[in-house]
Amino acid sequence: MFIRKATIKDIPHIMQLVAEVVPLMNASGNFQWDSHYPNAPVFEKDIALSQLWVAEVAGKIAGVAAITTDQEPEYAHVGWDISETAIVTHRLAVSPRYQGQGLAAALLAQAEKEAKSRNINVLRIDTNTANQATQRLFPKAGYVFAGEIDLAFRPNLRFYCYEKRR
């Protein structure tokens, strides 16, 4: 496995990964992603901002994560000071063909490396309340549950927030 920054040439492969993941998410009752989000322009923006990372296995893109400092305004509803700079992982996904191989954990570890290199002591992440896999993963990675919110850009869904301090 190799973690690297994504390039614009990766977009078709990332969109294929999303196409593989969304039906499985939806089948399990998790409607955080759909045919409209995330889309290629979202990932293209992440790449332009140099904040999109991919996990490769045998030269194939097997996972993706946006490692940002972008905090949703609603994060304040769980008592977080959103004026405090934090590394925030968004759009974390692993191809079903590679799940269970530690790729999501490796992408979260990359977020920690980014935090360390930028001297940022707080890491944050949110997940849909129906996403059982991430609800198991985040505490294993040292994240602490902070509360539940809604997000204006994803109406009718609820999200759990997690935080890790270094």
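Just so it is clear, none of the values below were taken in a lab; they were calculated from the coordinates. Keep in mind that this is a model prediction, so the values were computed, not measured. All Cβ positions, glycine included, derive from the backbone under ideal geometry; neighbour counts span all protein chains shown.
Here are some notes:
- Seen through its C-alpha gyration tensor, with square-root eigenvalues sorted a ≥ b ≥ c, region 68-166 comes out oblate because a/c lies at 1.5 or above while a/b is not bigger than b/c.
- Residue ranges 121-129, 43-51 sort as 121-129, 43-51 when ordered by packing (mean number of other C-beta atoms within 10 Å per residue, highest first).
- The residues packed around residue 121, meaning those with a beta-carbon under 15 Å from its beta-carbon, carry a net charge of +2 if Lys and Arg are +1 and Asp and Glu are -1.
- Counted charge near residue 8, where neighbours are those whose Cβ lies closer than 15 Å (Asp, Glu -1; Lys, Arg +1): +1
- Counting charges near residue 144 (Lys, Arg +1; Asp, Glu -1) among other residues having Cβ under 15 Å from its Cβ returns a value of +2.
- Using the rule -39500 (n - 2.57) for each DSSP H run of four or more residues, divided by the residues of the chain, the 222 nm mean residue ellipticity is -9500 deg cm²/dmol.
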